[in-house]
Amino acid sequence: MRALSVASECVPLVKTGGLADVAGALPGALRAENIEMRTILPGYPAVMAALDPGAAQVMSEADLFGGSARLLAGRAGGLDLFVIDAPHLYMREGSIYLGPDGQDWPDNPERFAALSLMAARIGAEGVALDGQDWRPDLVHCHDWQAGLVPDYLDQFGGQCATVLTIHNIAFQGLTGHHMIERLRLPRSRFHPDGFEYYGKLSALKAGLMRADRLTTVSPTYAAELMQPDFGMGLDGVMRARRRDLSGILNGIDESVWNPATDPAIAETYRHPAGKAANREALRAEMGLPETTGPLCCVVSRLTEQKGLDLLLAALPALLERGGQLALLGSGDPGLEAAFREAAREDGVAVRIGYDEALSHRLIAGADAILVPSRFEPCGLTQLYGLRYGTIPLVALTGGLADTVINASPAAIDRGVATGLQFHPVSADPLAVAIDRLCDLHAQPEIWAQMQANAMRQPVGWASSARAYAALYRDAIATA
């Protein structure tokens with residue numbers, strides 16, 4: 001089987017969020033399922049710089065929303081790629097989505113319509129690769145940036161199956177209806193059963209209505225999307241398409257996130273006892289004193305969605321029990337300032353920004369990782385925590401609910417608990433969960449059992465790859 005992945009970002013080349021992790025890991029994981037996946041990416045500066053010198057032109061477009069473009073086939077970052085070389089759309093410094101003013105690039109609708117259009121051309125026409133016709137059996141679209149692929153495929157007469165994965169339904173690719181013709185779309189589809197969304201064009205809704213199969217990144221998030229509180233105005237669409245919707249958990253790259261081989265941490269380890277040296281090194285690096293309470297970490301964007309305002313309110317519950325907090329993140333200026341102020345306490349250390357190596361050291365050295373998100377489609381940091389024996393304390397939502405076994409009395413008695421969950425998602429229940437965390441940390445036998453359970457959890461891509469492969473086969477058979 002041949003599959004084309006359509007993504008606006010992809011590790012190790014360009015990343016702003018979890019979508020990039022999935023797009024980068026899935027092709028390799030699917031090889032074990034005998035699926036050949038190539039990925040189409042915009043030609044951002046980092047992507048063009050990494051592309052191998054032997055990359056060949058396989059398609060051209062004389063006018064791709066304001067300028068000519070070439071489609072190149074080559075390799076970069078260990079991936080087989082198609083890259084859209086369109087400098088007028090993608091050759092810009094800074095964020096791939098935001099301009100220097102911190103706002104969306106004004107031409108984002110055209111930039112990602114171009115991604116969808118070129119992907120659809122590959123799906124409909126195929127390309128010549130190494131003297132052979134390469135044509136996908138299925139196109140896997142990621143988020144709103146690839147949401148127009150099914151519409152363009154229909155225009156081009158393409159017959160391949162389509163799957164759309166929703167990584168975060170809050171991002172819907174909205175633009176004014178005056179852009180319909182500009183984006184080469186039929187105005188006849190501008191209605192509630194098409195891509196119209198409260199008077200605007202939604203690229204995400206376009207894909208939700210037309211893709212053969214829909215997935216999201218956890219079973220619980222799939223169920224949540226059908227509820228008004230989580231569906232962001234698209235819950236009705238999700239309910240209408242519930243038979244075509246699957247929740248498939250993300251995995252992590254276990255070659256990168258592996259405490260037995262991780263070059264970024266103070267001392268590698270295979271068992272929970274090996275965390276002690278990393279905890280000592282982390283406290284020294286972050287300027288935290290020795291204490292008997294749990295050392296907790298946060299590695300996160302500082303946003304309301306991630307519930308970091310709740311953590312600020314609940315932080316006294318941790319500090320009063322002799323616990324500590326080490327935080328790495330950036331985002332909302334108000335939250336950044338609030339955590340800087342919190343760092344005046346002896347038990348709090350804060351680094352504003354992002355440092356990949358430091359994130360590994362935080363997770364290896366901490367006793368627990370806090371993920372108090374208001375909603376979380378899947379989440380990756382709790383998976384990193386499990387892998388490193390760093391007990392996750394998470395909100396009961398989305399993928400956090402699916403990946404952490406709560407330390408209820410029954411789960412502890414059965415010896416299966418891997419973390420703690422709290423609900424409802426507000427400051428007081430979080431404070432209660434933190435108090436429970438401190439109680440468990442003070443019981444070495446129970447804590448060690450939870451750590452060992454966590455490190456045994458399957459957090460890689462093998463199971464998810466099998467689920468995607470089965471979904472692909474079903475989509476192709478019924479398209």
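Descriptive notes on the structure:
- Scope the range 333-350; condition outside any helix (DSSP H, G or I) and either among the hydroxyl-bearing types (Ser, Thr, Tyr) or surrounded by fewer than 16 Cβ atoms within 10 Å (Cβ to Cβ) (or both); matching residues: 344, 345, 346
- Matching option when the condition is surrounded by fewer than 17 Cβ atoms within 10 Å (Cβ to Cβ) and farther than 18 Å from residue 296 by Cβ, among 399, 353: 353
- Of the residues 434, 369, the single one that is closer than 20 Å to residue 274 by Cα, β-branched (Val, Ile, Thr) and surrounded by 24 or more Cβ atoms within 10 Å (Cβ to Cβ) is 369.
- Test for residue 127: is it at pLDDT 95 or above, at negative phi, among the β-branched types (Val, Ile, Thr) and surrounded by fewer than 24 Cβ atoms within 10 Å (Cβ to Cβ): yes
- Residue match in the range 147-169 (condition: outside the structural domain of residue 397 (by TED's automatic domain parsing), within 16 Å of residue 36 (Cα to Cα) and of a type in the set (Ser, Thr, Tyr)): yes
- Scan of the range 109-159 for residues that are polar (S, T, N, Q) and touching a residue at least 12 places away in the same chain (Cβ under 8 Å), ordered by number: 116, 145, 155, 159
- Screening 433, 417, 452 for residues that are in a loop (DSSP other than H, G, I, E, B) and in the same structural domain as residue 356 (by TED's automatic domain parsing) leaves exactly one candidate, 417.
- Candidates are the residues of the range 437-479 that are hydroxyl-bearing (Ser, Thr, Tyr) and surrounded by fewer than 19 Cβ atoms within 10 Å (Cβ to Cβ); the one that is nearest to residue 36 (Cα to Cα) is 463.
- The set of residues in the range 75-105 that are part of a strand (DSSP E or B) and either at positive phi or under 21 Å from the mean Cα position of the chain (by Cα) (or both) comprises 76, 79, 80, 81, 98, 104.
- Subset of the range 198-230 [over 16 Å from the mean Cα position of the chain (by Cα), touching a residue at least 24 places away in the same chain (Cβ under 8 Å) and over 29 Å from residue 181 (Cβ atoms)]: 213, 223, 224, 225, 230
- Of the residues making up the range 300-322, those that are part of a loop (DSSP other than H, G, I, E, B) and either touching a helix residue (DSSP H, G or I) at 6+ places or on another chain (Cβ under 6 Å) or modelled with pLDDT under 95 (or both) are 303, 304, 305, 321.
- Qualifying position, being within 30 Å of residue 223 (Cβ to Cβ) and surrounded by fewer than 22 Cβ atoms within 10 Å (Cβ to Cβ), among 245, 319, 288, 308: 245
- From the options 6, 83, 11, residue that is buried (at least 22 other Cβ atoms within 10 Å of the Cβ) and touching a residue at least 60 places away in the same chain (Cβ under 8 Å): 6
- Only one of the listed residues (367, 413, 435) is among the charged types (D, E, K, R) and closer than 23 Å to residue 338 by Cα. That residue is 435.
- In the condition set (1) closer than 27 Å to residue 142 by Cβ; (2) in a loop (DSSP other than H, G, I, E, B); (3) of a type outside the set (A, V, I, L, M, F, W, C), residue 382 is compliant with all but (2).
- Some residue of the range 106-123 being part of a strand (DSSP E or B) and either over 29 Å from residue 186 (Cβ atoms) or of a type in the set (Ser, Thr, Tyr) (or both): no
- Every pair of residues 6+ apart whose Cβ atoms lie under 9 Å, when the first sits in the range 423-442 and is touching a residue at least 12 places away in the same chain (Cβ under 8 Å) while the second is in a helix (DSSP H, G or I) and among the aromatic types (Phe, Trp, Tyr): 440/447; 441/447
- For the range 291-305, the set of residues classified as among the small types (Gly, Ala, Ser) and either over 21 Å from residue 435 (Cα atoms) or surrounded by fewer than 15 Cβ atoms within 10 Å (Cβ to Cβ) (or both) consists of 300 only.
The values are calculated or read from the model by the stated rules, or taken from the named source; none is laboratory data. Bear in mind the structure is a predicted one, so any value in this text is a computation, not a measurement. Here Cβ is always computed from backbone atoms with ideal geometry, including for glycine, and neighbour counts include all displayed protein chains.
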